[in-house]
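Written out below as structure tokens is the structure these notes cover.
Every number in this text was worked out from the coordinates using simple rules, so none of it is lab data. Predicted model, so just to flag it, every value in this text is computed and none were measured. Glycine also receives a Cβ, built like all others from the backbone with ideal geometry; neighbour counts cover every protein chain displayed.
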């Protein structure tokens, strides 16, 4: 009878829970947007009737009213990194009224040999000044914050059906502990990896200026190179020649790095030197290159909506592959292998594309044989 009363009250108040769920989701979205926090996901739900019935029927729990049940409305925030939990937790404490007596940080265990679910759980209410009905502001709800690895543990643990140490057979308990420990270490290591990448990006920016000879080309060094004056000027000139806007994002950075490495431009110093030497030729080869892409891939200048940064480097890579051989028959073989390597293009298609590119290049070089020095076109 008592359980039935709680269930009936829950059903009668369902509209208030729907309003609360919407309000909590809105505030969480505002928090993440305002702080520009990149996380994995946010999920929310209202507990269904059957789940509530199972919860209140547990013999080791006693609930006197609906307010004793704090997870009727729940929001889960899953982060990529463990230190993001603290950032989001501070914002939750600022934007909601937190019941600290019922909240718990399950990441902190008193027994270092124990294992299991790790997450930060807040029991909250909407603040008194939030524009909602009084009964909605009075309802407690839960916010869970955890990393994607903590989430993986919780989901697998739930699927296995063993949520407490007492439920796990003794001979299997050590395996649980080992896996839990590995995930905790992984969370810590991912934070360190992110810090190392951030530090590396700062170092690369300095080394590109002071000692570029030591730097290999990768996504980080490429992004910095794309911001250098010469690269920017060339990309702007290409965009102007094609009458298209130059967008701020790079041309598929991982792919561009692979293309440049395959073309023998895998070091920052070499790439910078070649870009300086071939800057005029890059612009003069733009039209033949666009004719090639139209003939080979049915994608020409008229199909471009905008020009991505790094397009000048893409053309430079093609020129370097073409200039790596003196005979057209060898150029075709070189370009064919190039496309097979970087695009995994089938051999027959790669050879046909190579033939078209070499023909455009040969025509281009024939037209330039008596023209003397290439000159960098001026843009408005």
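Please give the helix 229-241 orientation as an angle from the longest Cα principal axis of the chain, in degrees from 0 to 90, rounded to the nearest 10.
Orientation of helix 229-241: about 80 degrees from the principal axis.
Using the alpha-carbon atoms, what tilt in degrees (0 to 90, nearest 10) does helix 83-95 show relative to the longest principal axis of the chain?
It is inclined by approximately 60 degrees.
To the nearest 10 degrees, how steeply does helix 347-368 sit against the main Cα axis of the chain, on a 0 to 90 scale?
50
With a cut-off of 17 Å, note down the residues of the stretch 254-297 whose backbone N falls inside the zone around a label point 7 Å from the Cα of residue 355 toward its beta carbon.
Residues passing the 17 Å test: 292-297.
If we restrict to alpha carbons, what Rg and Dmax does the stretch 251-302 come to, in Å?
So, for the stretch 251-302, Rg and Dmax equal 12.9, 35 Å respectively.
With N set to the number of residues, divide the alpha-carbon radius of gyration of the stretch 2-187 by 2.2 N^0.38 Å and report two decimals.
Expressed relative to 2.2 N^0.38 Å, the Cα Rg reads 1.09.
Starting from the coordinates of the alpha-carbon atoms of the stretch 212-368, obtain the Kirkwood hydrodynamic radius over all distinct pairs and give the value in Å to one decimal.
15.8
When you take every Cα atom in the chain, what is the radius of gyration, and what is Dmax, the widest Cα pair distance, in Å?
Over the chain's Cα set, Rg and Dmax evaluate to 30.3, 100 Å.
Find the percent of Cα-Cα distances in the stretch 128-282 that exceed 23 Å, and round it to a whole number. It would help to have the intermediate numbers written out before the result.
Numbers: 7479 of 11935 pairs.
Tail of the P(r) past 23 Å holds 63 percent of the pairs.
Based on the Cβ-Cβ distance from residue 68 to residue 197, what FRET efficiency comes out when R0 is 56 Å, to the nearest 0.05?
The computed FRET efficiency comes out at 0.75.
For the stretch 315-369 and the stretch 225-260, what is the centre-to-centre distance using only Cα atoms, to the nearest Å?
If you average the Cα positions of each part, the centres end up 21 Å apart.
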